[in-house]
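Chemist: Dumping the structure here so I can ask a few things about it.
What follows draws every value from the coordinates through simple rules; no lab data is involved. As the structure is a computational prediction, the values presented were derived from the model and not from experiment. Here the Cβ is made from the backbone with ideal geometry for all residues, glycine too, and neighbour counts use every protein chain on show.
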Amino acid sequence: MKKIKKILIANRGEIAVRILRTCKEMGIQTVSVHSVADENSLHVKLADESVCVGAAKSALSYLNIPAILSAAEITEAEAIHPGFGFLSENKDFASMCKKWNIEFIGPSVKCIEELGDKIFSKEIAVAAGLPVLAPIKVNELSDNVIIENVHQMGYPVLIKASAGGGGRGMQRIDCDEDLLPAISRLKTEAKAGFGDDTLFIEKYITSPRHIEVQILGDRHGNIVHLGERDCTVQRRFQKVIEESPCPILDEAGREEICQAAVKLAKFVNYDSVGTVEFLYDQDAKKFYFMEMNTRIQVEHPVSELRTGIDLIAQQIKSAEGGILEYQQEDITFRDHALECRINAEDPITQRPSPGRIDHYHRPAGIGVRVDDFIYSGYDVPPFYDSMLAKIIVQAPTRELCLDRMKRALEETVIEGITTNKTLHLRILDDPDFRGNNYSTNFLASKLK
């Protein structure tokens, strides 16, 4: 097993800070990369070394593969951690790291390539024995055949970009009139955003829950799960709140969905941290495989609080070739955990709200964790994702967990810009959310 001594973190914001902290605890030197707009960001201040890799726009900096690889070379970084977003699921980047003799902290290139294609990943899931919603492969069919197949499937349906992610490249369709125009527009958007215009259509379940399972593997064939998370509270397919355990599953259902995720991970010889995502039909009490994310997730702290396992550390150890430290029976789950994403945006319109933070006070107390990268006097740039912080709490029961989160949010002060804090408080007070009576349509219906 080769110990990694220096890691370049090819990301920004709270995830870069999160990775930095684990690296320091492991005695690993860190290199941050940053754009011109991020020269005063916290991840730059905390790293042992930092390298500017380009202009403010992501395409010229955080997505600039030659610049990032050059930064790793000149700083003699042995490995690159991509975080989430940006290059984290880019098979070409992972492949180039290998060619440059730099360890990519993530799964194999083969896993990234095969599971990153949402159509092919469904075929893999079928081969592994998981239930899926059979897709209509748009790019292979004429307009008339697409319409005919959609009629057989029945509205509503969901159009998805095969290479999409993070809620992008998706649209619900309810009638023929909207179908073909949406396909044309989404193809253009997918080509521009992901470099691939492949689309597929699947049946839209009208009252679903979004449940995902955290997977942890090594390069020796060992796989475990760290339980499931409920990510049902979403806006425009973007997650807003995540919690664990999923409050609608009984123990038998929980075991079934977690074992399905492990089954898929073993089938593809998965060798790092990853997440298997499912759509759960509340009426039929059935789950369907959606996709597998081959990276660390925004909501990974929820699983860390419930298990006490540092997922970033496990990612690094797997990349070093280490043997997984846990067998399934070693992993214990405690309490209930909940995460709220604090974004610099208008809570109703979701319009970004960049600018200077005049004053910032983070919450604290029993069972409260904050992953952030902001500080008083920090200028939030307008070029990137609007997430500023994640507040994660745990408590013995869901009810107490919700009350603790409300208290933590009320303690949080971010002055100078607009945030979505009031939206979270509104959700936490909502009787349907409190009563566990909601689906992925929850926020859309509440904010009408």
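Chemist: With both partners inside the chain, how many of the DSSP beta bridges are antiparallel, as a percent to the nearest 5? Before the final figure, lay out each step's value.
Modeler: Values: 60 of 75 bridges.
Just about 80 percent of them are antiparallel.
Chemist: For a bin width of 10 Å, list the pair-distance distribution of segment 134-203 built from all Cα-Cα distances, rounded to whole %.
Modeler: P(r) over segment 134-203, rounded to whole percents: 23, 59, 18, 0.
Chemist: At a Förster distance of 41 Å, what's the computed FRET efficiency of Ala59 paired with Asn269, Cβ-Cβ distance as r, to 0.05? Before the final figure, lay out the partial values.
Modeler: Working: r = 33 Å, r/R0 = 0.80.
E between Ala59 and Asn269, to the nearest 0.05, is 0.80.
Chemist: Further question: Go ahead and run the numbers for FRET between Lys191 and Lys446, Cβ-Cβ distance against an R0 of 35 Å, rounding to 0.05.
Modeler: Numbers: r = 34 Å, r/R0 = 0.97.
For R0 = 35 Å, the calculated efficiency reads 0.55.
Chemist: Please work out the C-alpha center-to-center distance from segment 260-331 to segment 345-373 and express it in whole Å.
Modeler: Each part's Cα centre sits 28 Å from the other's.
Chemist: Scan segment 1-44 for GluC sites (Glu not before Pro) in coil per DSSP, keeping those whose Cβ has at most 16 other Cβ atoms within 10 Å, and list them by number. Intermediate values should be presented prior to the final figure.
Modeler: Working: sites: Glu14, Glu25, Glu39; in loops: Glu39.
Here the GluC sites (Glu not before Pro) that fit, given the DSSP loop and packing criteria, are Glu39.
Chemist: Under a point spin-label approximation (7 Å from Cα along Cα-to-Cβ), what is the Thr397-Gln238 distance to one decimal in nm?
Modeler: With each label point 7 Å from Cα toward Cβ, the separation is 3.5 nm.
Chemist: How large is the helix-only mean residue ellipticity at 222 nm for the chain, computed as the sum of -39500 (n - 2.57) over DSSP H runs with n ≥ 4, divided by its residue count, in deg cm²/dmol to the nearest 500?
Modeler: Working: 15 runs with 152 residues, N = 448.
Rounded to the nearest 500, the figure is -10000 deg cm²/dmol.
Chemist: Between Lys99 and Arg172, what length comes free when the chain is fully extended (0.36 nm per residue of separation minus the Cα-Cα distance, one decimal in nm)? Each step should come with its number before you reach the end.
Modeler: Details: separation 73, 0.36 × 73 = 26.28 nm, distance 4.08 nm.
22.2 nm is the gain from fully extending Lys99 to Arg172.
Chemist: Determine by what factor the alpha-carbon radius of gyration of segment 208-446 differs from 2.2 N^0.38 Å, reporting the quotient. Walk me through the numbers on the way to the answer.
Modeler: Working: Rg = 18.0 Å, N = 239, 2.2 N^0.38 = 17.6 Å.
Expressed relative to 2.2 N^0.38 Å, the Cα Rg reads 1.02.
Chemist: Continuing with this model, one more query. Test of understanding: what is the full-extension gain from Asp48 to His359, defined as 0.36 nm times their sequence separation minus their Cα-Cα distance?
Modeler: Working: separation 311, 0.36 × 311 = 111.96 nm, distance 2.68 nm.
Full-extension gain reported as 109.3 nm.
Chemist: Would you mind estimating how fast the chain diffuses translationally, via Stokes-Einstein at 20 °C and 1.002 mPa s with the Kirkwood radius over Cα pairs, in µm²/s? Write out the running numbers ahead of the final one.
Modeler: On the way: Rh = 22.5 Å.
The diffusion coefficient I find is 95 µm²/s.
Chemist: Rank Lys91, Lys406, Lys99 by mean-square fluctuation in a GNM of the chain with C-alpha springs under 10 angstrom and give only the top-ranked residue.
Modeler: Lys99
Chemist: Under a crude label model (7 Å from the Cα following the beta-carbon direction), how far is Leu141 from Glu73 in nanometres?
Modeler: Modelled inter-label distance: 4.7 nm.
Chemist: Sticking with this one: Calculate I(q)/I(0) for segment 52-171 by the Debye formula, one identical point scatterer on each C-alpha and no solvent, and give its log10 at q = 0.10 Å⁻¹ to two decimals.
Modeler: Per q value, in the given order, log10 I(q)/I(0) is -0.45.
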